[in-house]
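The values are calculated or read from the model by the stated rules, or taken from the named source; none is laboratory data. The shown structure was predicted, so the numbers you read here are calculated from the model rather than taken from an experiment. Cβ coordinates were reconstructed from backbone atoms using ideal geometry, including for glycine residues, and neighbour counts include every protein chain displayed. With ligands, DNA and RNA removed, areas are computed over all heavy atoms of the protein, side chains included. Shrake-Rupley method; radii C 1.70, N 1.55, O 1.52, S 1.80 Å.
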Amino acid sequence: MMLNQYGQIVEKKLDWLMNQYFYVEIDSSIVMPNHIHAIIIIDPTNVGTSRDLSLQSNHKIKSLSELVGAFKTVSSKAIHLAGLKEFKWQRSFYDRIIRNEKELYNIRTYIQQNPLKWDIEKSLPENLDIL
């Protein structure tokens, strides 16, 4: 997927999320033309080595909803500043708990193959139903 400047902002803000919150890891992600997919791992035991441990113990661990909200806020502000004033995220998001390695593998594969599926779907006639 070749990202325009706004897609690059979204990608950078996913990185920001990991850097801002020591307990967040983005396992896999893809920025698409009208949505993103990301596997977000929240691990409060992940204290890392580059941060002051005394500061970490005083911070509340944010929920997935709060993390997505923070991501949407900072990415929207950056996109607006870059010139796309009418940009806005949809109000909600879809989440799924990954329960085992097989599900993790399948979701990673789905994320990696999403751009290919986008190209295929984009080339189909609009009135064609696929079962």
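Just a few scattered comments:
- Within the range 71-107, the set of residues being without any contact (Cβ under 8 Å) to a residue 12 or more places away in the chain, of a type outside the set (Phe, Trp, Tyr) and assigned to a helix (DSSP H, G or I) comprises THR73, LYS77, HIS80, LEU81, GLU101, LYS102, GLU103, ASN106.
- Residue in the range 100-118 that is surrounded by the fewest Cβ atoms within 10 Å (Cβ to Cβ), counting only those that are aliphatic (A, V, I, L, M), within 22 Å of PRO33 (Cα to Cα) and out of contact with any His (no Cβ under 8 Å at 6 or more places or on another chain): LEU116
- Considered as a group, the residues in the range 92-109 that are hydroxyl-bearing (Ser, Thr, Tyr) and within 14 Å of the chain's Cα centre (by Cα) include one that is farthest from PHE71 (Cα to Cα), and that residue is TYR94.
- Only a single criterion out of (1) open to solvent by less than 70 Å² (accessible area, probe 1.4 Å); (2) closer than 20 Å to TYR6 by Cα; (3) acidic (Asp, Glu) is not satisfied by GLU86, namely (1).
- Here ILE61 meets the list (1) open to solvent by less than 70 Å² (accessible area, probe 1.4 Å); (2) modelled with pLDDT of 95 or more; (3) assigned to a loop (DSSP other than H, G, I, E, B) almost entirely, failing just condition (2).
- Within the range 1-37, being open to solvent by less than 30 Å² (accessible area, probe 1.4 Å), in contact with a strand residue (DSSP E or B) (Cβ under 9 Å, 6 or more places away or on another chain) and either closer than 16 Å to GLN113 by Cβ or not in a helix (DSSP H, G or I) (or both) holds for TYR23, VAL24, ILE26, SER28, VAL31.
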